[in-house]
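> Starting off with a structure, shown below.
Read the figures in this text as sums done on the coordinates, not as results from a lab. Please read all numbers here as calculations on a predicted model, not as lab measurements. All Cβ positions, glycine included, derive from the backbone under ideal geometry; neighbour counts span all protein chains shown.
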Amino acid sequence: MYGRKIEGKELTFGVSGKLHANNLVMYDHQTDSLWSHLVGAAITGPQKGKKLKLLESIFTSWETWKRLYPGTKVLTAGSTPWFGSLRDPYESYYRSADTGILPTRRSDKRIYPKEFVLGLVIQGKAKAYPFSALSRQPVVNDVFEAVPLLVTFEKESATVMAFTRRVKGQILSFKRVQLTGQRGFFLVDDVTGSVWNGLTGRAIRGRLKGQKLEHLPMASAFWFGWVDHYPKTEIFRAKK
């Protein structure tokens, strides 16, 4: 999800029908520039080289989203009712070994091509966190490009988030904790013992109650699509 302003001017976007490295290509109505969906950068046209600002977002199940944000309003297509039970037309694609309409530009067999990864880019360097590794280690206290970061993964809904671990000048480390009678993904930090919601990054109990971890710009993508754009990506390996 991106902000639509470039140099103070608001753009509107549509789907071009084109693909670039097996990723959706958008176009803006104002200049007809083409934009990479995954990278958020213009690849041709007057806006070439400019980047949209990546906004905080979460890819999750509707059930998990409702639990986190119960007052949510739902965007529907016109007057078509939405019941939260529509079948995903891409289910068979997820299960298949097909990687897309176009051949991949790079063959990187470090990870299965259709593996979902959380992708981060920090100071021009990329790192991928495979969902299979995160399912074994759902709380990751990591450092990448000198940035202390936290990656959390709720296996049941395949929800992944990334935050910085620096709060008020302190670097915190986290571990998962269960709260009696409460459903959710909760963490406790090693410095203050505060309890945090691991999917929103907000402290809900303790000395740091009300504080929120800074969300890191991130993308959830198939490995083959991510590595096509970031071939020198470092890969996270779960602890054995």
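> Under the rule of at least 5 residues apart or a separate chain, name every residue whose amide H is placed under 5 Å from the amide H of Ile6.
Under 5 Å from the amide H of Ile6: Leu11.
> Report the percentage of all Cα-Cα pairs in region 88-240 whose separation exceeds 24 Å, rounded to a whole percent.
The answer is 37 percent, as a whole percent.
> Where does each of Tyr129, Tyr112 land when they are ranked from fewest to most other beta-carbon atoms within 10 angstrom?
So the residues, fewest neighbours to most, are Tyr112, Tyr129.
> I've got another one for you. Please identify the longest segment of the chain free of exposed chymotrypsin sites (Phe, Trp or Tyr not before Pro), where exposed means a DSSP state other than H, G, I, E or B and no more than 12 other Cβ atoms within 10 Å.
91-240
> Under the classification rounded if a/c is under 1.5, otherwise prolate if a/b is larger than b/c and oblate if not, where does region 5-44 fall, given a ≥ b ≥ c as square roots of the Cα gyration tensor eigenvalues?
It is prolate, given that a/c is not under 1.5 and a/b is the larger ratio.
> Explain nothing, just compute: Karplus ³J(HN,Hα) = 6.51 cos²θ - 1.76 cosθ + 1.60, θ = phi - 60°, for every residue of region 188-205 in order, whole Hz, x for Gly and Pro.
Karplus-based 3J(HN,Hα) across region 188-205 equals 10, 8, 7, 9, 10, x, 5, 9, 10, 7, x, 9, 9, x, 9, 6, 10, 8 Hz.
> In region 131-211, which GluC sites (Glu not before Pro) are in a loop and have at most 16 other Cβ atoms within 10 Å, using DSSP for the loop call?
Glu145, Glu156
> Counting other C-beta atoms within 10 Å, and keeping those with at most 16, which DSSP coil trypsin sites (Lys or Arg not before Pro) do you find in region 1-73?
Loop-located and lightly packed - Arg4, Lys48, Lys50, Lys53, Lys73.
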